[in-house]
Amino acid sequence: MLKALKSTSVQARLLGFTTPFQSNLRYGSSQINSPLLRVVNSNRVVNPNLNKRAYFCTDSSDGSTIVMESKGVEEGAAEADSKSSSAMVPTVFKPEDYLTVIALPLPHRPLFPGFYMPIYVKDPKLLAALVESRKRHAPYAGAFLVKDEPGTEASVTSGSDAEKSIYELKGKELLNRLHEVGTLAQITSIQGDQVVLIGHRRLRITEMVSEDPLTVKIDHLKDKPYNKDDDVIKATSFEVISTLRDVLKTSSLWRDHVQTYTQHIGDFNYPRLADFGAAISGANKSQCQEVLEELDVYKRLKLTLELVKKEMEISKIQESIAKAIEEKISGEQRRYLLNEQLKAIKKELGLEADDKTALSAKFRERLEPNKEKCPPHVLQVIEEELTKLQLLEASSSEFNVTRNYLDWLTALPWGNYSDENFDVIRAQKILDEDHYGLSDVKERILEFIAVGKLRGSSQGKIICLSGPPGVGKTSIGRSIARALNRKFYRFSVGGLSDVAEIKGHRRTYIGAMPGKMVQCLKSVGTANPLVLIDEIDKLGRGHAGDPASAMLELLDPEQNANFLDHYLDVPIDLSKVLFVCTANVVEMIPNPLLDRMEIISIAGYITDEKTHIARDYLEKATREACGINPKQVEVTDAALLALIENYCREAGVRNLQKHIEKIYRKIALKLVRQGATYDPPSAAKLESGTDGTTVCVDAQAEVESTDDSSVKKVQEVVSTAEEAEVVDVVLSDEKEKISADQVSDSVNHDETKMEPEVEETKPIEKVLVDDSNLSDFVGKPVFHAERIYENTPVGVVMGLAWTSMGGSTLYIETTHVEQGEGKGALQLTGQLGDVMKESAQIAHTVSRAILAAKEPENSYFSNTKLHLHVPAGATPKDGPSAGCTMITSLLSLAMNKPVRKDIAMTGEVTLTGRILPIGGVKEKTIAARRSQVKTLIFPAANKRDFDELASNVKEGLEAHFVEEYNQIFELAFENKEEEQ
């Protein structure tokens, strides 16, 4: 019996009833009298020991049964139980006798009648029930496809997850997940948890009998009657067969499995053909289930035809993809072979050298112009690398490294310097053209040029321009390069955290590159450019080292003559390079790096300077950028002054430029809207001819489209200026004639198109921007007057502060909280830093000493709890320069005397009352002018800083320079008494 089973299995395998999508599928026998069955029966092997026959698989349409006849049924059954579980179990039952079966869930695809399918049963109870049914000679079960879980897609859910969820289902829950229509399956073998099923006929679940294992009652389904001679069914079946054969021709996956079946495909009846096509297709399980549930043979054939047609399309796409890839690969291979042959032919003919020789020639040719200027040690390295290049294989990685290294070495401008211009007058003119004010910066640049002119050559310097944002530090660097006639190169080091960006990578790294300076020299082509290093105070520090320390060699005049880049590994002379650095806060630059620079401070611009810059530079550039005619707009001086005072108080002019651009954008929109309300003008204008005559030209398209005679009449030459009045009359008459002619022509050609009548256009009104309507263009004022008090009350004094955006005034306010014996204390608010808090404690101590000296009987500080506040409270404040202001505020409250309203002061105070110098004199002076302060008090050590300020900054200010606080006391209080 085992041999018979194996023989039949081999025959089925030869028939090719397998598919790449459904592993181990086999088709059963055909009708009793079919040639295919005769082939199967002729090859069947009978075991002489058992002496019995076996007919395999019923026909799902005719209901015939599998009958296993034997001389000794009992002995065969006993022997089958004792042998391997793969043996066929003999039975005399008919499939239609089974009205109650065990339900087997199929996770992936339905089982079609006539095919067999291996499944894995993980449920031990279900597996035991199947084994028991085989022992009872009832080896039948119902195979039903499992529905997809609600809310999920079958294509998204993985197979293992689906099987796991199926195994967990029991009873009614499992029944609800099963499709009603399934297949009556014969259990052919059970090996471990693998059960092999053969499908026989369709069936439908009617009700549940038991839950564990799930047993259901079934109804056997039969195909609906159909006419075998129906032409439509025949045509559909022939199309299915034809499509299957086409798929076999194109798809190698199907060809290996079904090639034996093609000669017998005509022996099958229509229902089996439909099942066969659906079973071996790669359709999803829902489509296969739809075929299984269809009892109408014609509709089933149509569904199967759709599936095999889809397989045909997939095969065509697969073939086109394979063909495209093959063509691409073959094309590239052919091109490569032809290129290699071309190289070989050219080399044989002497027309072209090989790659290495050509590269060497290119490098030598590039080095030739600067060979005499090139340092000897660099020439030696280049020759060594060229020799090394000839010895390396072109396919090796070392070859590419050497080639790139030689590329950089020969591309640098060794000893190639640009001719500098040392004309001081020209440089002064260029600097004045680009920038207004900044006399100290310009003076320093002119000094550098003068020294270069006397020496005949210029040495590289390191200049650091420090100042608030928007004061023009970067643009000054460009102007210096233009004045000196040097090449300009800029790179920003803000946030730079990799040392390799400055010193380069080692050549051993993949993708190694030289540092920024080597890239700069290659880019500009000269060895003496002007290099602008932007934002040097914002250098970062990361895991790749400290770039600030790596900049030391680059910016040291004593070391950069032999600057060593890690990639080039040969010294480079950077002593002729002029370095210009920019920084906002000098204190952020590390001291060793700061020591190598020459600091030029740009404090910012006062209101007068901003007005000139806005009028002469910003407004002109913005007007041209917006395409506005100067005659169409007027921005008054009052508007510019209000814009600077109320919107753009910062030290720089970048925000001022933004506001001016905003004004002109709104003006442009207003002008366009004005012009859009009228028809475009006739554009007739008078132009001067070459001979001094006046020519009338009409630029309108209507005039251009007229005939030549009309144009000639319009373009009459007026030889004298006295006839200019007649021109207007002639023009108006000719325009009327031309318009009439054009209207008549357009009516003749196209009645729907009419030329518009020429109307008199009103001139566009000039846009005036003054302080009254400035808010319409830029919105509400951002800043208000910094002077909070018109007359300063008792305990309030104005101080001067420095910020990164410039200077500002700062009020110190003091008031008493409570009084009582021994309640003297000081409370501080206003987001003060540690240094400023210490200054307040010092001021409290010094003010108590001064009050004791001035008014010994006054015990105000001893018995009063004071509160000192520095507005605005949301702004962090720190620094020692508010010490004298705090003392004055405390004394004003203690003596109940207000301070002069036009006075402001700054200076650090010691416990002995000495006034120490401070910084930011220019910024603080500008802030005082903005607040209409007339009297300033500075430390005596800052007198020189104040004297160096421009006269327009100091104009109208009375400055006092003090060494001890007693001098401030006299200025703040005694003068007040004299005024009273």
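The values are calculated or read from the model by the stated rules, or taken from the named source; none is laboratory data. Just so you know, these numbers come straight off a predicted model, no measurement behind them. Note: ideal-geometry Cβ built from the backbone for every residue, glycine included; neighbour counts use all protein chains shown. The protein model used for the area step is the full one, side chains on, heavy atoms only, and it has no ligands, DNA or RNA in it. Shrake-Rupley method; radii C 1.70, N 1.55, O 1.52, S 1.80 Å.
Got at least one residue in segment 358-368 being open to solvent by 40 Å² or more (accessible area, probe 1.4 Å), of a type in the set (D, E), touching a helix residue (DSSP H, G or I) at 6+ places or on another chain (Cβ under 6 Å) and free of Cβ contacts under 8 Å to residues at least 40 places away in the same chain?
No - not one qualifying residue is present in segment 358-368.
Can you name every one of the helices (runs of 4 or more DSSP H) wholly within segment 556-648 that holds 3 or more residues which are of a type in the set (D, E, K, R) and within 37 Å of the chain's Cα centre (by Cα)?
Hits in segment 556-648: 619-626.
Can you tell me which residue in segment 372-399 is nearest to the chain's Cα centre (by Cα), limited to those that are surrounded by 13 or more Cβ atoms within 10 Å (Cβ to Cβ) and either of a type in the set (S, T, Y) or part of a loop (DSSP other than H, G, I, E, B) (or both)?
L392
Conditions (1) in a loop (DSSP other than H, G, I, E, B); (2) touching a Ser or Thr at 6+ places or on another chain (Cβ under 6 Å); (3) open to solvent by 70 Å² or more (accessible area, probe 1.4 Å); (4) under 17 Å from A278 (Cβ atoms), marked per residue:
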site	(1), (2), (3), (4)
T188	no, no, no, no
I205	no, no, no, no
V209	no, yes, yes, no
K217	no, yes, yes, no
N227	yes, no, yes, no
K234	no, no, no, no
S237	no, no, no, yes
K249	no, no, yes, no
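M513 passes all but one of (1) among the hydrophobic types (A, V, I, L, M, F, W, C); (2) open to solvent by 20 Å² or more (accessible area, probe 1.4 Å); (3) part of a helix (DSSP H, G or I); which number fails?
(3)
Of the residues in segment 378-392, how many are closer than 12 Å to L409 by Cα and either in contact (Cβ under 8 Å) with a residue 24 or more places away in the chain or of a type in the set (A, V, I, L, M, F, W, C) (or both)?
Matching residues across segment 378-392 total 6.
If I ask for residues that are closer than 25 Å to F946 by Cα and β-branched (V, I, T), which ones from segment 434-464 would you list?
V441, I445, I463
Condition check ((1) crowded, with 22+ Cβ neighbours inside 10 Å; (2) acidic (D, E); (3) modelled with pLDDT of 90 or more; (4) on the phi < 0 side of the Ramachandran plot) across all residues:
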{"position": "K487", "(1), (2), (3), (4)": "no, no, yes, yes"}
{"position": "E501", "(1), (2), (3), (4)": "no, yes, no, yes"}
{"position": "T508", "(1), (2), (3), (4)": "no, no, no, yes"}
{"position": "L521", "(1), (2), (3), (4)": "yes, no, yes, yes"}
{"position": "L530", "(1), (2), (3), (4)": "yes, no, yes, yes"}
{"position": "L539", "(1), (2), (3), (4)": "yes, no, no, yes"}
{"position": "A544", "(1), (2), (3), (4)": "no, no, no, yes"}
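Could you grab me the full set of residues in segment 103-122 that are part of a strand (DSSP E or B) and among the hydrophobic types (A, V, I, L, M, F, W, C)? Before you say what the answer is, go through the steps one by one.
Kept after step one, since they are part of a strand (DSSP E or B), are these residues of segment 103-122: 103-106, 115-120.
A103, L104, L106, F115, M117, I119 - these are the residues of segment 103-122 that are part of a strand (DSSP E or B) and among the hydrophobic types (A, V, I, L, M, F, W, C).
Could you check L197 against (1) part of a loop (DSSP other than H, G, I, E, B); (2) crowded, with 19+ Cβ neighbours inside 10 Å; (3) of a type outside the set (D, E, K, R) and say which number it fails?
L197 satisfies all of (1) part of a loop (DSSP other than H, G, I, E, B); (2) crowded, with 19+ Cβ neighbours inside 10 Å; (3) of a type outside the set (D, E, K, R) except (1).
Identify, please: which residue in segment 281-304 is closer than 16 Å to T243 by Cβ and hydrophobic (A, V, I, L, M, F, W, C) and is, among those, most open to solvent (accessible area, probe 1.4 Å)?
Only one residue tops the list, namely L303.
For segment 524-533, state whether one or more residues are touching a helix residue (DSSP H, G or I) at 6+ places or on another chain (Cβ under 6 Å) and assigned to a loop (DSSP other than H, G, I, E, B).
Scanning segment 524-533, I find no residue that is touching a helix residue (DSSP H, G or I) at 6+ places or on another chain (Cβ under 6 Å) and assigned to a loop (DSSP other than H, G, I, E, B), so the answer is no.
I'd like the residue in segment 417-445 that is touching a strand residue (DSSP E or B) at 6+ places or on another chain (Cβ under 8 Å) and of a type in the set (D, E, K, R) and, out of all such residues, is surrounded by the fewest Cβ atoms within 10 Å (Cβ to Cβ).
Residues of segment 417-445 touching a strand residue (DSSP E or B) at 6+ places or on another chain (Cβ under 8 Å): 440-441, 444.
Now drop any that are not of a type in the set (D, E, K, R), which leaves 440, 444.
Working: D440: 14, R444: 16.
So, considering only residues that are touching a strand residue (DSSP E or B) at 6+ places or on another chain (Cβ under 8 Å) and of a type in the set (D, E, K, R), the one surrounded by the fewest Cβ atoms within 10 Å (Cβ to Cβ) is D440.
So which of I445, I480 is free of Cβ contacts under 8 Å to residues at least 40 places away in the same chain and either of a type in the set (S, T, N, Q) or within 26 Å of P557 (Cβ to Cβ) (or both)?
Numbers: I480 fails: free of Cβ contacts under 8 Å to residues at least 40 places away in the same chain.
The conditions single out I445.
If a residue must be within 25 Å of F422 (Cα to Cα), in contact with a Pro (Cβ under 9 Å, 6 or more places away or on another chain) and not basic (K, R), how many such residues does segment 485-527 contain?
Residues flagged as within 25 Å of F422 (Cα to Cα), in contact with a Pro (Cβ under 9 Å, 6 or more places away or on another chain) and not basic (K, R) within segment 485-527 amount to 9.
Given the residues D534, D556, D573, D569, which is the only one that is charged (D, E, K, R), open to solvent by less than 40 Å² (accessible area, probe 1.4 Å) and modelled with pLDDT under 90? Give the steps one after another, and end with the answer.
Details: D534 fails: modelled with pLDDT under 90; D573 fails: open to solvent by less than 40 Å² (accessible area, probe 1.4 Å); D569 fails: open to solvent by less than 40 Å² (accessible area, probe 1.4 Å).
Exactly one residue qualifies, and that residue is D556.
Taking segment 346-366 as the search range and keeping residues that are modelled with pLDDT under 85 and among the hydrophobic types (A, V, I, L, M, F, W, C), which one is nearest to the chain's Cα centre (by Cα)?
L359
How many residues, within segment 463-480, are assigned to a helix (DSSP H, G or I) and buried (at least 20 other Cβ atoms within 10 Å of the Cβ)?
Selection size over segment 463-480: 5.
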